[in-house]
Amino acid sequence: MLHVRTRSVEATRQVAAALEPLLRPGDVILLSGDLGAGKTAFVQGLAAALGVTEQVTSPTFTLAASYEGRLRLHHLDVYRLDNLAEVLDLDLPELLEDHAAICIEWGEVVVPELPRDFLRIRIQLGHPEDIEDARVFEIEPIGPSWVSRSAELTLVWTQWTANQSGDL
């Protein structure tokens, strides 16, 4: 498991942007963390790096949004779903077959419906003595496709961390 620390919302977006070159059609990223932890900011950074020009907002009430970029990006927020049957109503299987990248906020409820390969990113708020916008990312590759990219993931985060100033 990899750990990355950020100190601003912009740095959270930059972490996501650093991941973009590794994304392939069909990749799934499962985002978890407390309310306000930065899940949507992460998706905003990833979308911008993919070349999405429209504004990316949390699909909390619409449940899903799609954006066009280098890869199509489906952004789901399943926070309001109570059970797996509601997930199926979202046509998740169809979205998974779309050869798009998919980011799923609050995705723990959909894990049984996910392919064997996904990238799990847990975002934790920093400690009270930390800067207000501090976040810690736990990045865990699940399944053969993401595990085979572990070295690339490590390199991306190592380079990103080395290039950051103390302000991020």
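Go through the stretch 110-160 and count every residue that is surrounded by fewer than 17 Cβ atoms within 10 Å (Cβ to Cβ), assigned to a helix (DSSP H, G or I) and either among the β-branched types (V, I, T) or in contact (Cβ under 8 Å) with a residue 60 or more places away in the chain (or both). Residues flagged as surrounded by fewer than 17 Cβ atoms within 10 Å (Cβ to Cβ), assigned to a helix (DSSP H, G or I) and either among the β-branched types (V, I, T) or in contact (Cβ under 8 Å) with a residue 60 or more places away in the chain (or both) within the stretch 110-160 amount to 6. Among the residues of the stretch 16-34, those identified as more than 13 Å from R122 (Cβ to Cβ) and outside any loop (DSSP other than H, G, I, E, B) are A16, A17, A18, L19, E20, P21, L22, V28.
A Cβ distance below 7 Å, combined with a sequence gap of six or more or placement on separate chains, defines the contacts here; from the stretch 55-69, residues that are surrounded by 16 or more Cβ atoms within 10 Å (Cβ to Cβ) reach residues that are modelled with pLDDT under 80 and part of a loop (DSSP other than H, G, I, E, B) in the pairs L63/L90; A64/L90; A65/P59. Each residue in the stretch 22-42 was checked for being exposed (fewer than 14 other Cβ atoms within 10 Å of the Cβ) and within 19 Å of E113 (Cα to Cα), and 1 pass. Which one is farthest from A41 (Cα to Cα), of the residues in the stretch 77-117 that are hydrophobic (A, V, I, L, M, F, W, C) and modelled with pLDDT of 90 or more? Taking the candidates together, the pick is A100.
The values are calculated or read from the model by the stated rules, or taken from the named source; none is laboratory data. If you're wondering where the values come from, they're calculated on a predicted model, not measured in any experiment. Backbone-built Cβ (ideal geometry, glycine too); neighbour counts: all protein chains shown.
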